[in-house]
Ligand code: TYD
């Protein structure tokens with residue numbers, strides 16, 4: 001089973017993934033977690049390029065690098081595990097590209113991004129996507145103190161567009177929309193409820 005987490009920076013994804021990891025461990029359920037971009041040696045090198053190296057990256061270069069990192073992760077780690085029936089948790093997947101590069105940056109037409117996503121994921125789709133929905137202003141408050149990476153420096157107008165993108169995506173059946181302003185425990189409880197449906 002493939003589970004992805006999505007949302008703008010500061011939505012609380014990492015906290016929820018930590019709580020889910022603890023839940024799986026407590027219940028002796030085996031799982032793996034990967035973050036995007038990253039998760040393989042090549043993908044982590046690409047991550048470094050994307051988040052730290054330069055401030056004047058061409059938007060199409062950025063789009064292709066996120067996709068390149070993803071393709072490597074999918075073929076090296078995700079596909080083989082899904083094939084074996086394992087649970088894989090993803091801290092971001094191709095919806096991030098649609099929301100950030102498509103809606104946020106306008107790096108390419110949405111139809112082009114869709115085709116690129118199919119290519120980079122080798123047609124792999126999550127069974128369920130947890131979307132932690134938050135107002136960009138509220139999210140900015142949460143990330144204010146942390147040191148910002150290249151993407152996070154993009155500002156509030158950018159994140160408003162990214163959120164609009166996620167809101168459109170959230171109409172998909174696989175989406176579970178969660179109010180990110182609720183307490184971490186409440187959100188975690190909803191996640192477990194939804195997963196118990198999936199896990200049977
Ligand atoms: P990260 O530090 O992992 O942030 P977060 O904890 O919010 O996931 O950095 C990932 C950044 O890259 C984040 O700002 C979202 C962005 N991103 C894209 O713009 N496109 C993508 O396809 C992916 C996977 C991430």
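Brief remarks on what is shown
- Remark: pairs (first residue in region 108-130, farther than 15 Å from residue 96 by Cα; second residue assigned to a helix (DSSP H, G or I) and modelled with pLDDT under 95; Cβ separation under 9 Å; 6+ apart in sequence or on different chains) = 127/198.
- Within region 91-110, the set of residues being out of contact with any helix residue (DSSP H, G or I) (no Cβ under 7 Å at 6 or more places or on another chain), at negative phi and more than 9 Å from the ligand (Cβ to nearest atom) comprises just one member, 109.
- Residue match in region 64-76 (condition: closer than 20 Å to residue 131 by Cα and either within 15 Å of the ligand (Cβ to nearest atom) or surrounded by 21 or more Cβ atoms within 10 Å (Cβ to Cβ) (or both)): yes
- Top-ranked residue in region 10-23 [being in contact with a strand residue (DSSP E or B) (Cβ under 8 Å, 6 or more places away or on another chain) and surrounded by fewer than 17 Cβ atoms within 10 Å (Cβ to Cβ); ranked as farthest from residue 156 (Cα to Cα)]: 21
- Of the helices (runs of 4 or more DSSP H) lying entirely inside region 1-90, the ones with 3 or more residues being without any contact (Cβ under 8 Å) to a residue 12 or more places away in the chain and within 29 Å of residue 189 (Cα to Cα) are found at 13-26.
The values are calculated or read from the model by the stated rules, or taken from the named source; none is laboratory data. Note that the structure is predicted; figures quoted are calculated from it, not measured. Here the Cβ is made from the backbone with ideal geometry for all residues, glycine too, and neighbour counts use every protein chain on show.
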